[in-house]
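Here the structure comes first, spelled out in structure tokens, and everything after it is commentary.
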């Protein structure tokens, strides 16, 4: 499994995700890929 953690900022990381997708399509990555990206309005204290 490949875990890609992009954080919770509003910045775009589309270039990284495009490269990961290319690696999947070219058979370089042949495992499951999970991406954590974005933020939400749920806050924990």
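General observations
- Region 4-33, subset surrounded by 10 or more Cβ atoms within 10 Å (Cβ to Cβ) and assigned to a strand (DSSP E or B), residue modelled with the lowest pLDDT: 4
- Near pairs, Cβ below 9 angstrom, 6+ apart or cross-chain, from region 9-26 (within 21 Å of residue 39 (Cβ to Cβ)) to any residue that is surrounded by fewer than 10 Cβ atoms within 10 Å (Cβ to Cβ): 9/39; 10/39
The values are calculated or read from the model by the stated rules, or taken from the named source; none is laboratory data. Just so you know, these numbers come straight off a predicted model, no measurement behind them. Quick reminder, even Gly has a Cβ in these numbers, built from the backbone with ideal geometry, and neighbours come from all protein chains shown.
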